[in-house]
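Structure first, commentary second.
What follows is calculated from the coordinates using simple rules that are stated; it is not laboratory data. Computed from a predicted model, the values in this text were never measured in an experiment. Methodologically, a virtual Cβ is constructed for each residue, glycine included, from the backbone with ideal geometry; neighbour enumeration extends over all protein chains shown.
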Amino acid sequence: KRIVILISGRGSNMEAIVKRCAAESWPAQVVAVIANRPAAKGLEFAAAHGITTAVVDHRQHGVRADFDAALAACIDGFAPDLIVLAGFMRILGEPFVQRYAGRLLNIHPSLLPAFPGLHTHRSAIDAGCKLAGATVHFVTTQLDHGPIVMQSVVPVRPEDDEAALSARVLATEHVIYPLAVRWFVEDRLLLDDRGRVRHRDGA
Ligand code: GRF
């Protein structure tokens, strides 16, 4: 299976997936890492690991549809079976999402459907949540919605600030995202025709 990972910044989830793919000999290969910002830190890790990198800079495309089309053209050049959004901070339009329906995954740092959008950790703390976490889901046209594949849960501690909670959640992202991607490339995970997540034997 061919995996393309999209990033916008640090790329620590991408890094976790690349490492586990190699360490666990998945029937898959990360064939490209694409960023929407030339300065995305994660590009360095990818290049250092021999992975092809590309940049589709959103600032060079006036309207979203143009950016989405350029991004799709770049992605399609790598003929991926799976597209993984890993800290990719651009909202993707409906034609893009439809094009990759059933093979587009995202991770969001909250227990969806709670706290879609930005500032999830701040929101969880402000709401007095005792639990927080992360969600891997298939991407649909509604932002931070879509069929849930896997979630991790961590406690919110009384002394937590945003940074402390974010670090605790991120550590679990690095566990569940590689696992979800592994399930997909092993054909243990699929979306049925009613848009529900199905697990095959062993998953
Ligand atoms: C993660 O918390 C992810 O859930 C969110 O943005 C962050 C990206 O971190 N969407 P990284 O770039 O993978 O290090």
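A few notes on this one:
- Note on region 106-203: Kirkwood hydrodynamic radius from all Cα pairs is 14.0 Å, rounded to one decimal.
- For region 161-201: rounded, prolate or oblate by the Cα gyration tensor [a/c cutoff 1.5]: prolate
- Region 1-101: antiparallel DSSP beta bridges as a percent of all, rounded to 5: 0 percent
- Here Tyr177, Tyr100 are placed in order of increasing Cβ neighbour count within 10 Å, fewest first, which gives Tyr100, Tyr177.
- Nearest-20 debye value, region 1-134 charge dipole, Cβ charges on Lys, Arg, Asp, Glu: 240 debye
- Here the Gaussian network model covers the chain, with springs between Cα atoms less than 10 Å apart; of Ala54, Ala69, Ala180, Ala69 fluctuates the most.
- Total formal charge among the other residues, if their Cβ is under 13 angstrom from that of Arg157, Lys/Arg +1 and Asp/Glu -1: -2
- Selected from Pro95, Phe115, His49, residue furthest toward positive end of dipole (region 39-124; charges at beta carbon): Phe115
- Under 5 Å between amide hydrogens, built in the peptide plane, is the criterion, and for Met150 it picks out Val136 among residues at least 5 positions away or on other chains.
- Compactness ratio for the chain: Cα radius of gyration over 2.2 N^0.38 Å (N = residue count) comes to 0.99.
- DSSP beta bridges confined to the chain are antiparallel in about 45 percent of cases.
- Sum of side-chain charges, Ser25 neighbourhood, beta-carbon under 14 Å (Lys, Arg +1; Asp, Glu -1): +2
- Ranked His174, His49, His137, criterion: other C-beta atoms within 10 Å, fewest first: His49, His174, His137
- Across region 1-122, the mean sequence separation of Cα contacts (distance under 8 Å, 6 or more residues apart), normalised by length, yields a relative contact order of 30 percent.
- Region 93-151: trypsin sites (Lys or Arg not before Pro) in DSSP loop, at most 13 other beta carbons within 10 Å: Lys130
- Per residue, the average separation of C-alpha pairs within less than 8 Å and at least 6 apart gives region 73-203 a relative contact order of 20 percent.
- Contact order relative to length of region 137-181, as percent, for alpha carbon pairs under 8 angstrom and 6 or more apart: 33 percent
- Of Met150, Met89, the sequence from fewest to most neighbouring Cβ atoms within 10 angstrom is Met89, Met150.
- Span-like helix ranges in the chain, DSSP H, alpha carbon extent 27 angstrom or more, Kyte mean at least -1.0: 162-185
- A DSSP coil position with no more than 10 other Cβ atoms inside 10 Å describes the following GluC sites (Glu not before Pro) in region 112-203: Glu159.
- Straight Cα distances below 18 angstrom link Lys19 to the lysines Lys1, Lys41, with same-chain residues fewer than 8 positions distant left out.
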